[in-house]
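S.K.: The structure is given below, and queries will be raised subsequently.
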Amino acid sequence: MGSPAKSKAIPFDTFWYLMPVVPITASPHVFYIRPAPGWLELLHEEVISLVKTPLQKYKFEPKITLLKGTVKLHRCDWRQGLEIMLRLTTAHDVEWMILESKCNQWTEVDAILNRVPWNDILPNREIPIHVTADVSNGFTTASGKLRENLCRIAKVNHVSEGGVLRFKIELRSDFLRISVSLCGDPLYKRGYKAKLLATAPLPEHQAAACTRWVLAGVEPTHPVSSVFIPFAGSGTFGFESLIVLSGAGPGAFLRQFSCDIFPCTSEATMRFLRRKISEKLTSTPHPRLLFNELNSDAASTLKENAAAFSINSKFEIIEGDIFEIQPNFSPEGNILILLNPPYGNRLAKNSSISALYNRLGIYIQKLSESYSGRIIGGCICPDAHSWRSFLNGLKTPTQETHHFTHGGKEMRLVRWQG
């Protein structure tokens, strides 16, 4: 018998097209989470809490690092990154690190940019994008060149305003980093209000941060049964208190996020996460929410916003002067009071901000005496004078102050329990 014929070796790359393509979302990822100004540590605590309470099982165990101005989430399942973004209440933005690579000279930039999986991120090349470019040496011309290179390689157009997607490219030391916002519009744009006022004194993520800090500083023996919001405006403080107490987040509402249009984002995953987060808001028993507003136009706007927010919430809108009304609190449970009194342009002419805050402190003190052991709350003070005046009226020994930034101005938040 003749010897068997030897099989001819076939080059490996002949079968490249038969090998499964691993999606970019299958590997662990890095996300940078940016806080509401002045609330980095609180954001860090919220991220830790969300990682510990996932809505489903994930492949990787995330690592959390507190940096100088951000929280870094690394070794994170792509789907869990989406979940955390949809649940965060105190964040301004969540950035997905698409690619990070050593880069020692300008000639390497294009080669690195060519490795970015643009087709997994861009739904089409006509979509307007905004690119923030930064080079560690600070030269404007170098930043401009970096932006031009990205747009040329990705075949997209940069717009200074109105970008549907927001990219960031940074060349720092010997590393080139390319990231994109999962959110698009900042996360404080929740999308739950039917109407906005001409001036919004406090953005939603700041209100959520204030609420979380107030609740974290007390040890209530009973759950919150009533939430009282004087100077309610368009309702931000009240609505955010319900989001925080229910454990919901921005994903419970109808607004669109940039990641919704990434080709790599699973529509089924987003639907599942949104449904689970919405259920937290609609199925959790809500406390009675009492809004107080002196301005009749603002009260009318407030009624529309309250009607649009949630069909399961129990709202009461009391129009009139806070010092003359009689709020009707639930007979049991704790009463959460959140105050963002008028200041600046919101303060009536010839009004004394110190006198107003002192009067509010006395008012809260009397409420604490009437509802002994049930009152917890917080009051935003825009300067040292109003802060001291409020504390002079508020005699309760259980109080603390946190400093944060709003509109470039240092604010003080007093929390108390009485």
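S.K.: Quick test of your reading of the structure: Q256 fulfils all but one of (1) surrounded by 14 or more Cβ atoms within 10 Å (Cβ to Cβ); (2) among the polar types (S, T, N, Q); (3) more than 29 Å from S372 (Cα to Cα). Name the failing condition by number.
M.R.: (1)
S.K.: Check off (1) closer than 30 Å to L289 by Cβ; (2) within 16 Å of the chain's Cα centre (by Cα) for L215 and give me the number that stays unchecked.
M.R.: (2)
S.K.: Quick one: in the range 77-100, of everything that is over 22 Å from T132 (Cα atoms) and acidic (D, E), which residue is surrounded by the fewest Cβ atoms within 10 Å (Cβ to Cβ)?
M.R.: Among them, the one singled out is D77.
S.K.: Continuing with this model, one more query. Failed condition for I277, given (1) under 29 Å from A252 (Cα atoms); (2) in contact with a Cys (Cβ under 9 Å, 6 or more places away or on another chain); (3) not charged (D, E, K, R), with all others met?
M.R.: For I277, the failing item is (2).
S.K.: Filter the range 107-125 down to the residues that are over 27 Å from R79 (Cα atoms) and touching a residue at least 12 places away in the same chain (Cβ under 8 Å), then identify the one that is farthest from the chain's Cα centre (by Cα).
M.R.: The residue in question is E108.
S.K.: Which residue out of L273, L289 is in the same structural domain as I318 (by TED's automatic domain parsing), closer than 26 Å to N340 by Cβ and of a type in the set (A, V, I, L, M)?
M.R.: Residue meeting the stated conditions: L289.
S.K.: Looking at (1) surrounded by fewer than 20 Cβ atoms within 10 Å (Cβ to Cβ); (2) modelled with pLDDT under 90; (3) over 14 Å from I229 (Cβ atoms), can you tell me which one S310 breaks?
M.R.: (1)
S.K.: Quick check: anything in the range 106-113 in contact with a helix residue (DSSP H, G or I) (Cβ under 9 Å, 6 or more places away or on another chain), surrounded by 21 or more Cβ atoms within 10 Å (Cβ to Cβ) and of a type in the set (D, E)?
M.R.: no
S.K.: Quick check, is S266 surrounded by fewer than 22 Cβ atoms within 10 Å (Cβ to Cβ) and either of a type in the set (S, T, Y) or not assigned by TED's automatic domain parsing to the domain that holds I317 (or both)?
M.R.: Taking the combined requirement at face value, the residue satisfies it.
S.K.: For the list (1) at positive phi; (2) modelled with pLDDT of 95 or more, I need the number of the one condition that G191 fails.
M.R.: So G191 meets the others, but not (2).
S.K.: I'd like to know if the range 405-415 contains one or more residues that are in contact (Cβ under 8 Å) with a residue 40 or more places away in the chain and touching an Asp or Glu at 6+ places or on another chain (Cβ under 8 Å).
M.R.: For the range 405-415, residues in contact (Cβ under 8 Å) with a residue 40 or more places away in the chain and touching an Asp or Glu at 6+ places or on another chain (Cβ under 8 Å): present.
S.K.: Wholly within the range 36-134, which strands (runs of 3 or more DSSP E) include no fewer than the required count, namely at least 2 residues that are among the small types (G, A, S) and in the same structural domain as E148 (by TED's automatic domain parsing)?
M.R.: Qualifying strands (runs of 3 or more DSSP E): 91-102.
S.K.: Sort out which residues of the range 239-296 are in a helix (DSSP H, G or I), over 28 Å from N119 (Cα atoms) and acidic (D, E), and write them in order of number.
M.R.: E240, E279
S.K.: Would you tally the residues in the range 297-323 being farther than 24 Å from L254 by Cα, among the charged types (D, E, K, R) and out of contact with any Lys or Arg (no Cβ under 9 Å at 6 or more places or on another chain)?
M.R.: 3
S.K.: Among the residues of the range 162-209, count how many are outside any strand (DSSP E or B), acidic (D, E) and within 25 Å of A111 (Cα to Cα).
M.R.: Going through the range 162-209 one residue at a time, the tally reaches 1.
S.K.: Restricting to the range 347-389, what's the tally of residues that are more than 15 Å from F323 (Cα to Cα) and among the aromatic types (F, W, Y)?
M.R.: Total satisfying the criteria: 2.
S.K.: Then there is this: Criterion first (of a type in the set (F, W, Y), over 12 Å from R190 (Cβ atoms) and at pLDDT 95 or above) does F257 satisfy it?
M.R.: The answer is no for F257.
S.K.: List every residue pair whose Cβ atoms sit under 6 Å apart, with the two residues 6 or more apart in sequence or on different chains, where the first one lies in the range 308-332 and is closer than 30 Å to N358 by Cβ and the second, anywhere, is assigned to a loop (DSSP other than H, G, I, E, B).
M.R.: These pairs meet every condition: I318/I325; D321/L294; I322/P230.
S.K.: Any residue in the range 144-165 that's in the same structural domain as L99 (by TED's automatic domain parsing): show its pairings with residues that are among the polar types (S, T, N, Q) at Cβ separation under 8 Å, as long as the two are six or more apart or on different chains.
M.R.: Within 8 Å, the pairs are C151/N157; I153/N114; V164/S258; L165/S181; L165/S258.
S.K.: I would also like to ask the following. Step by step: first the residues of the range 217-242, then only those that are touching a Ser or Thr at 6+ places or on another chain (Cβ under 8 Å) and polar (S, T, N, Q), then the one that is surrounded by the most Cβ atoms within 10 Å (Cβ to Cβ). Which residue is that?
M.R.: The qualifying residue surrounded by the most Cβ atoms within 10 Å (Cβ to Cβ) is S241.
The values are calculated or read from the model by the stated rules, or taken from the named source; none is laboratory data. No experiment lies behind these values; they were computed from the predicted model shown. FYI the Cβ positions are ideal-geometry reconstructions off the backbone, even for glycines, and counts take in every protein chain you see.
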